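Participant: Sharing a structure below in structure tokens format, with a few things to ask.
Read the figures in this text as sums done on the coordinates, not as results from a lab. This structure is a prediction, so every number in the text was calculated from the model and none was measured. So basically every Cβ, Gly included, is an ideal-geometry build from the backbone, and we count neighbours across all protein chains shown.
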Amino acid sequence: MSGRWTDDDREAALLGLDVATRRLVRSWAERDAAQVREIPWTPLAKPLRECTIALVSSSGIARRDDRPFDQEGERRNPWWGDPSFRVIPRETTTADVRVWHLHVDPSLAESDLDCALPLARLRELEAAGEIGASAPSHYSFMGYILKPRELLERSVPAMIARMRAEGVDAVLLVPV
Amino acid sequence: METAGLSTVSLSTLPDFTQSVGAPRVAGIRFPMGRPLGSPGDADGQRAVLAAALRVLETARAPGELVRLPFQWPEPLESVRNELPEPTPIGQLVRKRPWLYLRFLKGDIPD
């Protein structure tokens, strides 16, 4: 069901935020909406049930045996956010990870990884034949990045290269 | 990613915003921020949202299309609270120097 997103819908999502953050989100949304953009488009090349899917989460998830996202750097310079990414293998479970994101409630994904990066759910869809396969690698970055140049120039191309090497057909981006 | 030949879909609780930054396909869900897939422990709910979001890869017809996912949050949305272990560094900075909030609102970020 396609459709417009109404003012009421938009305000509903913001209800859990404090007043200052709400103003910020509204202001940035209006500013970005004013810019006209060329939207890239790659039609899905095969039916979903034949596709290899990769997930990307902006929740700052890293395996416990991997390097954490840099929070001290952000505490020192609050305008900065860690632009790196982490690979999260498809069999990773809740116990394997931690959340490193100063702007989200870490208890959600740390109690159930599938709230933020639904790897178990994706494997269930694979078993049910609704998708072709869950890719060997999935990804997380930390979404508080006010100037995304390094994310776009370094992290994203690295993710893309790995996705292509693994035969990924389509990607779902899951926000905070 | 789309430019590199991968088909993408973005799940979003602020889908008109996601649309405005040029996402090729947007799956909009009227859920609270922080819980786009549903609640911790609700495997059936999460699976349903995941499947519906992935289906938008097939059903979206035109670049920038927003498809509304047919899910309703079971409680009043204002009852959902996100607890942060510490105040955000930017929040602390702006509280100490309130004039910076205006810069932040305008998107004028220092290097």
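Participant: Can you give me the long-range amide H partners of B:E65? Hydrogens built in the peptide plane at 1.01 Å from N, cutoff under 5 Å, separation of 5 or more residues or another chain.
Facilitator: B:V26
Participant: In the protein assembly as shown, what percentage of the DSSP-assigned beta bridges are antiparallel, given to the nearest 5? Walk me through the numbers on the way to the answer.
Facilitator: Working: 10 of 30 bridges.
Among the beta bridges of the protein assembly as shown, antiparallel pairing accounts for roughly 35 percent.
Participant: A further question on this structure: Would you tally the net charge around B:W73, using a Cβ to Cβ cut-off of less than 9 Å, leaving B:W73 out, and scoring K and R as +1, D and E as -1? All intermediate terms of the calculation are to be shown ahead of the outcome.
Facilitator: Values: positive: B:R30, B:R35; negative: B:E75.
Taking every Cβ under 9 Å from that of B:W73, the sum is +1.
Participant: Relative contact order for region A:106-176: what percent, with Cα pairs under 8 Å and sequence separation of 6 or more? Walk me through the numbers on the way to the answer.
Facilitator: Numbers: 28 pairs, mean separation 22.0, N = 71.
It comes to 31 percent, rounded to a whole number.
Participant: I would also like to ask the following. Going by Cα centres, region B:33-111 and region A:154-169 are how many Å apart?
Facilitator: Spelled out, the Cα-based centre of one part sits 25 Å from the other.
Participant: If I model a spin label at A:A95 and A:D66 as a point 7 Å from the Cα along the Cα→Cβ vector, what separation in nanometres do I get?
Facilitator: In this crude spin-label approximation the distance works out to 1.9 nm.
Participant: For A:R4, what charge total do you get from the other residues with a beta carbon under 9 Å from its beta carbon, if Lys and Arg give +1 and Asp and Glu give -1? List each step's numbers first, then the result.
Facilitator: On the way: positive: B:R68; negative: A:D9, B:D16.
Local net charge: -1.
Participant: OK, next. Once you average over the residues of B:96-105, how many Cβ atoms of partner chains fall within 10 Å of each Cβ?
Facilitator: Working: counts 0, 0, 0, 0, 2, 3, 0, 1, 7, 7.
For peptide B:96-105, the averaged partner shielding equals 2.
Participant: Among DSSP beta bridges whose residues both lie in region A:48-174, state the antiparallel percentage, nearest 5. Intermediate results must be reported in sequence, preceding the final value.
Facilitator: Working: 9 of 18 bridges.
Looking only at bridges with both residues in region A:48-174, the antiparallel portion is about 50 percent.
Participant: Report the relative contact order of region B:1-73, percent, no decimals, based on alpha-carbon pairs under 8 angstrom and at least 6 residues apart. It would help to have the intermediate numbers written out before the result.
Facilitator: Working: 114 pairs, mean separation 26.2, N = 73.
The value is 36 percent.
Participant: How much net charge surrounds A:V87 when only other residues with a Cβ under 9 Å from its Cβ are counted (Lys, Arg +1; Asp, Glu -1)?
Facilitator: Details: positive: A:R63, A:R86, A:R162; negative: A:D66.
Summing Lys/Arg as +1 and Asp/Glu as -1 gives +2.
Participant: Can you list, largest first and rounded to whole Å, the semi-axes you get for chain A by taking the square root of 5 times each eigenvalue of its Cα gyration tensor?
Facilitator: Working: eigenvalues 141, 98, 62 Å².
Each semi-axis is √(5λ); the values are 27, 22, 18 Å.
Participant: By how many nm would the segment from B:T3 to B:A62 lengthen if fully extended, with 0.36 nm per residue of separation less the alpha-carbon distance?
Facilitator: Working: separation 59, 0.36 × 59 = 21.24 nm, distance 1.49 nm.
Extra length from B:T3 to B:A62 when fully extended: 19.7 nm.
Participant: If the cut-off is 30 Å between C-alpha atoms, which lysines fall inside it for A:K147, apart from same-chain ones fewer than 8 positions away?
Facilitator: Output for A:K147: B:K96, B:K106.
Participant: Next question, about the same structure. Using Cα pairs closer than 8 Å and at least 6 residues apart in sequence, work out the relative contact order for region B:18-111, in percent. Could you put the intermediate results ahead of the total?
Facilitator: Details: 71 pairs, mean separation 29.8, N = 94.
Result for region B:18-111 is 32 percent.
Participant: If you don't mind, there's one more thing I want to ask. Treating the beta-carbon of each Lys and Arg as +1 and of each Asp and Glu as -1, no other charges, what is the dipole magnitude of chain B about its Cα centre, to the nearest 20 debye?
Facilitator: On the way: 13 positive and 12 negative charges, 56 e Å.
Its charge dipole is roughly 260 debye.
Participant: Right, here's the next one. Ranking A:T94, B:T13, B:T3 by Cβ neighbours within 10 Å, fewest first, what do you get? Please report the intermediate quantities before stating the final value.
Facilitator: Numbers: A:T94 16, B:T13 25, B:T3 12.
With the fewest neighbours first, A:T94, B:T13, B:T3 line up as B:T3, A:T94, B:T13.
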